[in-house]
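Below: the structure, in structure tokens.
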């Protein structure tokens with residue numbers, strides 16, 4: 001019966017070992033400092049916020065960390081990944097966090113980067129975060145083994161977004177790899 005006290009320790013060690021498995025890319029991005037450039041060939045993630053994105057060209061403008069509640073106002077968040085492994089499946093969650101720390105909503109995608117003589121491409125499946133049904137397919141032609149994923153937060157006055165510091169979280173392969181803050185300011189009072 002001396003083995004019995006060792007059983008909880010073995011179960012704990014097994015749980016820690018199983019929970020410690022993560023992809024090389026998720027580990028590199030999780031431990032990287034966003035203010036330092038990634039080493040040559042290492043996975044990289046850049047997160048940026050914009051006030052406008054052209055529907056026709058996709059051109060981003062109004063990069064900022066501070067946004068004001070206004071009619072038809074949006075915060076566009078982009079998670080730009082680079083130097084990922086080709087021919088491998090990835091999962092990404094993009095989550096918006098309120099000032100009180102609670103999650104508002106998230107976008108969920110699965111993607112695979114392929115490399116051919118004609119160049120690199122990323123095949124993306126956007127999924128419904130609740131029941132995981134496909135909601136949209138997208139293909140991106142990319143310069144290198146990477147992908148650009150986006151999510152939008154509506155800050156129109158009708159949405160009632162409270163002013164304060166919000167957070168945008170990026171999960172790769174179910175691991176939190178980046179959390180970026182941004183601020184929403186109250187808009188001018190509506191005349192009625």
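The condition of being exposed (fewer than 13 other Cβ atoms within 10 Å of the Cβ), within 17 Å of residue 103 (Cβ to Cβ), under 15 Å from the mean Cα position of the chain (by Cα) and touching a residue at least 12 places away in the same chain (Cβ under 8 Å) holds for only one of 174, 167, that being 174.
Strands (runs of 3 or more DSSP E) fully within region 80-165 that include at least 1 residues being touching a helix residue (DSSP H, G or I) at 6+ places or on another chain (Cβ under 8 Å): 89-97. Looking at residue 100, is it exposed (fewer than 12 other Cβ atoms within 10 Å of the Cβ) and at pLDDT 95 or above? Yes: the conditions hold for residue 100. The set of residues from region 54-79 being part of a strand (DSSP E or B) and touching a residue at least 24 places away in the same chain (Cβ under 8 Å) comprises 66, 67, 68, 74, 75, 76, 77, 78, 79. Here residue 133 meets each of (1) exposed (fewer than 12 other Cβ atoms within 10 Å of the Cβ); (2) under 18 Å from the mean Cα position of the chain (by Cα); (3) more than 23 Å from residue 44 (Cα to Cα) with one exception, condition (2).
The values are calculated or read from the model by the stated rules, or taken from the named source; none is laboratory data. All values reported here derive from a predicted model rather than from experimental measurement. With ideal geometry, Cβ positions are generated from the backbone for all residues, glycine too; neighbour counts draw on all protein chains shown.
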